[in-house]
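Visitor: Below you'll find the structure I mean.
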Ligand code: DUC
Ligand code: ZN
Ligand code: ZN
């Protein structure tokens, strides 16, 4: 064996037990008591948790948006991920209109190759679903990209697909075992509110929030769930932020439909109160944070398993861009979170808000399973040795000065995190140890993914 992690409490999505973990050639080769072969590097994990590396299902690296570009690229974004215990990141490859999915994927691989600290893949965002593009989807699934995303919003930005296009995409993804992700908001209603506010000179971040009332996300969510139900098509709703969408997803799940929910730490930790703060513009993201009723409903869904995955929706912009004295529709939408996502939910588990197994499920096993990362998401013989060693007794406060993204501020400043990640390993290699980066840029590999849907 190359490494043995000894005496820790292994926590997976559905079990916790004390054992040693043996690693050989990047794979977990055995799990048992008193492992030793006299040669392996020994890592003592007594009184610590041994967890699967986080799987981040939702990040936007170097994404052109609002006339600028999100400020983390594959290098800085995956560096922050590694410090946050994340060993696999899924971001997005957005189809330029007229371009094939194959070209879209190849261009994205060229951007990421040799640049990442952790393993990676991406969802393909379709913006121009021509017949040729629809016909490409099965091939992309067989090449290892079994997940497609569409926007029901960002109409003026040219990202949105219309209802008929979306229905056709859904039919296609269902037919070839791809999972369709969707950002659900109603663009026409948002534009109507936005125009009304701007005409009255109401331009602050508070009006970003008011331009997107709860029903804007819920109505779009209900529509797409309706279509998915009629087709019995698997559907993943990204960044669920409101109680009403969550209620609709629950109903579909209890009726037996494969409808999955992702939520994000910002919707679990903050409410619309943030839009009253002096730094409210830093919280401009879509969908915005909602009321306490939604926050509570999302927490209930996280606890009872109605939420399958936690995404960060990491899409950071520099403070100067967020703080610019501009009306809200011109402030780039997005916040940081890749470094805090997994540790936040583990911290909440240590505090008692949910079980550790649920935290591992939504932070790692759930997204690995849904998005077909077969070798990820569990501390189990045969899986990649993607492992986090967490000291549950050590607290810290999140601060920008201790963070590893390229962004110059964090909305998580001051959050008291219970538990400290002491080591992140990916395929048996130590990426981060006691706050020191050990990995080489370019260590991360493209993950070949497989269809997870029936
Ligand atoms: N919403 C954001 O706030 N940023 C990135 C993309 C999105 O949908
Ligand atoms: Zn979105
Ligand atoms: Zn997003």
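The values are calculated or read from the model by the stated rules, or taken from the named source; none is laboratory data. Predicted model only: the values in this text are computed from it and were never measured. Virtual Cβ from ideal backbone geometry, glycine too; neighbours counted across all protein chains shown.
Visitor: Looking for whichever is in contact with a strand residue (DSSP E or B) (Cβ under 6 Å, 6 or more places away or on another chain), modelled with pLDDT of 95 or more and over 21 Å from residue 346 (Cβ atoms) here; the options are 71, 30. Which one fits? Full working, then the answer.
Guide: On the way: 71 fails: in contact with a strand residue (DSSP E or B) (Cβ under 6 Å, 6 or more places away or on another chain).
On inspection, the qualifying residue turns out to be 30.
Visitor: Something else now. Sort out which residues of region 54-68 are modelled with pLDDT of 95 or more and more than 16 Å from ligand 2 (Cβ to nearest atom), and write them in order of number.
Guide: Matches in region 54-68: 54, 55, 62, 68.
Visitor: With respect to residue 124, is the statement that it is farther than 21 Å from residue 97 by Cβ and touching a helix residue (DSSP H, G or I) at 6+ places or on another chain (Cβ under 8 Å) true?
Guide: Spelling it out, it is not the case that residue 124 is farther than 21 Å from residue 97 by Cβ and touching a helix residue (DSSP H, G or I) at 6+ places or on another chain (Cβ under 8 Å).
Visitor: Which one of the conditions (1) buried (at least 22 other Cβ atoms within 10 Å of the Cβ); (2) within 16 Å of ligand 2 (Cβ to nearest atom); (3) more than 21 Å from the chain's Cα centre (by Cα) does residue 101 fail to meet, given that it meets all the rest?
Guide: Condition (2) is where residue 101 drops out.
Visitor: Filter region 6-18 down to residues that are more than 9 Å from residue 379 (Cβ to Cβ) and in a strand (DSSP E or B), then give me how many there are. Let's see the steps before the verdict.
Guide: From region 6-18, those more than 9 Å from residue 379 (Cβ to Cβ) are 6-9, 13-18; that's our starting set.
Next cut, in a strand (DSSP E or B) only: 6-9, 16-18.
Number satisfying all stated conditions: 7.
Visitor: Only residues in region 349-361 that are within 17 Å of residue 377 (Cβ to Cβ) count as the first member; pair them with residues that are modelled with pLDDT of 95 or more and in a loop (DSSP other than H, G, I, E, B), Cβ under 6 angstrom, at least 6 apart or cross-chain, and list the lot.
Guide: 357/13; 360/13; 361/13
A quick yes/no check of all residues on (1) out of contact with any strand residue (DSSP E or B) (no Cβ under 9 Å at 6 or more places or on another chain); (2) within 24 Å of residue 289 (Cβ to Cβ); (3) surrounded by 21 or more Cβ atoms within 10 Å (Cβ to Cβ):
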{"residue": "340", "(1), (2), (3)": "no, yes, yes"}
{"residue": "343", "(1), (2), (3)": "no, yes, yes"}
{"residue": "360", "(1), (2), (3)": "no, no, yes"}
{"residue": "369", "(1), (2), (3)": "no, no, no"}
{"residue": "397", "(1), (2), (3)": "no, yes, no"}
{"residue": "400", "(1), (2), (3)": "yes, yes, no"}
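Visitor: I would also like to ask the following. What is the residue count in region 115-128 for residues that are part of a loop (DSSP other than H, G, I, E, B) and buried (at least 21 other Cβ atoms within 10 Å of the Cβ)?
Guide: So the count comes out to 5.
Visitor: When you go through 76, 70, 62 one by one, which is the residue that is under 21 Å from the mean Cα position of the chain (by Cα), farther than 22 Å from residue 375 by Cβ and crowded, with 24+ Cβ neighbours inside 10 Å?
Guide: 70
Visitor: Please verify whether residue 17 is loosely packed, with under 15 Cβ neighbours inside 10 Å and over 19 Å from the mean Cα position of the chain (by Cα), treating the condition exactly as stated.
Guide: Judged against the criteria, residue 17 is a match.
Visitor: Restricting attention to region 420-440, does a residue exist that is surrounded by fewer than 24 Cβ atoms within 10 Å (Cβ to Cβ), farther than 26 Å from residue 40 by Cβ and at pLDDT 95 or above?
Guide: no
Visitor: Separate question: Six or more apart or on different chains, Cβ under 6 Å: which pairs go from a residue in region 220-240 that's at negative phi and away from ligand 1 (no atom under 14 Å from the Cβ) to one that's in a loop (DSSP other than H, G, I, E, B) and modelled with pLDDT under 95? Could you list them?
Guide: As it stands, the answer is 234/453, since those pairs meet every condition given.
Visitor: Identify the residue in region 50-64 that is touching a residue at least 60 places away in the same chain (Cβ under 8 Å) and part of a strand (DSSP E or B) and, among all such residues, is farthest from ligand 3 (Cβ to nearest atom).
Guide: Once the filter is applied, the top-ranked residue is 50.
Visitor: Just a yes or no: is a residue in region 80-94 more than 17 Å from residue 341 (Cβ to Cβ), more than 15 Å from the chain's Cα centre (by Cα), in a loop (DSSP other than H, G, I, E, B) and modelled with pLDDT of 95 or more?
Guide: The answer is no, given that none of the residues of region 80-94 is more than 17 Å from residue 341 (Cβ to Cβ), more than 15 Å from the chain's Cα centre (by Cα), in a loop (DSSP other than H, G, I, E, B) and modelled with pLDDT of 95 or more.
Visitor: Further question: Whether any residue in region 142-154 is more than 19 Å from the chain's Cα centre (by Cα), more than 25 Å from residue 310 (Cα to Cα), surrounded by fewer than 18 Cβ atoms within 10 Å (Cβ to Cβ) and touching a residue at least 60 places away in the same chain (Cβ under 8 Å) is what I want to check.
Guide: Among the residues of region 142-154, not one is more than 19 Å from the chain's Cα centre (by Cα), more than 25 Å from residue 310 (Cα to Cα), surrounded by fewer than 18 Cβ atoms within 10 Å (Cβ to Cβ) and touching a residue at least 60 places away in the same chain (Cβ under 8 Å), which makes the answer no.
Visitor: Ok, one more. Suppose the filter is modelled with pLDDT of 95 or more and in contact with a strand residue (DSSP E or B) (Cβ under 9 Å, 6 or more places away or on another chain); does residue 283 pass it?
Guide: When the stated conditions are applied, residue 283 passes them.
Visitor: Let me ask another. Quick one: count up the residues across region 334-370 that are part of a loop (DSSP other than H, G, I, E, B) and under 17 Å from residue 84 (Cα atoms). Working first, answer last.
Guide: Within region 334-370, the first condition is being part of a loop (DSSP other than H, G, I, E, B), and the residues that meet it are 334, 336-340, 352-355.
The next check asks that each one be under 17 Å from residue 84 (Cα atoms); those that pass are 336-340.
Residues flagged as part of a loop (DSSP other than H, G, I, E, B) and under 17 Å from residue 84 (Cα atoms) within region 334-370 amount to 5.
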